[in-house]
1. For segment 216-269, what is the convex hull volume of its Cα atoms per residue in Å³?
2. Quick one: order 282, 34, 226 by neighbouring beta-carbon count within 10 Å, fewest to most.
3. Once you sort the root eigenvalues of the Cα gyration tensor of segment 89-154 as a ≥ b ≥ c, which label holds: rounded (a/c under 1.5), prolate (a/b larger than b/c) or oblate (the other case)?
4. Take each of the peptides 263-271, 56-64, 13-21, average the number of other beta-carbon atoms within 10 Å over its residues, and list them starting from the highest.
5. On a full-extension model of 0.36 nm per residue, what is the gain between residue 242 and residue 298, subtracting their alpha-carbon distance, rounded to one decimal in nm?
6. Can you tell me the orientation of helix 200-209 relative to the chain, as the angle in degrees between its alpha-carbon axis and the longest Cα principal axis, to the nearest 10?
7. With an 8 Å cut-off on Cα pairs and a minimum separation of 6 or more residues, tell me the relative contact order of segment 14-292 in percent.
8. Restricting to segment 25-141, what percent of DSSP beta bridges are antiparallel, rounded to 5?
Ligand SMILES: NC(=O)c1ccc[n+]([C@@H]2O[C@H](COP(=O)([O-])OP(=O)(O)OC[C@H]3O[C@@H](n4cnc5c(N)ncnc54)[C@H](OP(=O)(O)O)[C@@H]3O)[C@@H](O)[C@H]2O)c1
């Protein structure tokens, strides 16, 4: 069940970041190409390089990474696999998280100007770029300086040409609106999928502003004791579209808003191709509504 309906897709197949970077509607999240707990090198480095090359050969034009994936090894792997980059490839990276060791407990955030500038310069060096097309502040949770100062630091680097467009990750709708007063924000990214709607308020705010919304873990479906309830709705729709549940979850992201840019991650070329094929699925408004209403979206939860 991996070949979806090839009806004319109802969703647009490209999206413009910041009005000028046109990319395909389904990107690739590179985070899985690291060691366990996103620490260190991907164990089969050659396979990682081959997969990244297959990502680009399959037509993907947007890759999402971060300096904290590894740290650093994910950006270096992308360069080793793909440099010199195809002209139409947009690489988004992020800074602001620091890791004190391989355990997730040892994660913190730093947001002062000197640190974020070092992040951008060293990401540019690792990626082999003179300018980063889309640079995200990875988290708004750093407390060494106010969030607004962190946005101003990105704005400064944009004025200097180090960053082409600014993105913000895992923030609340309120923080997004306050950042927009300081700088032009081209994209936001948040945890949002069939079973997790943390980014729902941010999606609404991004839509109102015409800003790209890139959901992370975009195709995840609940595997806990709520799985039965979700599958009762998802499986019949997936079957009708000759799709897998993961493909349906991605197709729903594309239909949910014209501004979504999902970044599914995978270590398998079969899954990569399945994920990209989801762009050809046309859902009915009833399908989309049935999936959207599986979870409440006005939770008032802050997205960080
Ligand atoms: N901004 C943030 O704070 C933040 C946080 C987390 C992630 N992200 C970004 O979001 C990206 C996506 O998250 P992720 O890398 O965890 O990937 P994901 O899209 O959440 O999915 C990864 C998992 O799904 C499996 N999978 C992928 N395609 C599948 C398919 N067609 N059928 C069945 N299983 C499939 C993968 O296994 P296989 O490898 O076997 O395919 C893997 O176990 C990351 O790479 C990263 O760039 C951002």
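Readers should treat all values here as calculations from the given coordinates under stated rules, not as data from a laboratory. Model, not experiment: these values are computed from the prediction. Note that we place each Cβ from the backbone using ideal geometry, even for glycine, and neighbour counts take in every protein chain shown.
1. Each residue corresponds to 99 Å³ of Cα convex hull volume.
2. Ascending number of Cβ neighbours within 10 Å: 226, 282, 34.
3. Values: a/c = 2.03, a/b = 1.28, b/c = 1.59.
Verdict is oblate for segment 89-154.
4. The densest-packed peptide leads the list: 56-64, 263-271, 13-21.
5. Details: separation 56, 0.36 × 56 = 20.16 nm, distance 3.16 nm.
My answer for the length gained is 17.0 nm.
6. Its long axis makes an angle of about 70 degrees.
7. Relative contact order of segment 14-292: 17 percent.
8. On the way: 4 of 14 bridges.
So the antiparallel bridges in segment 25-141 amount to around 30 percent.
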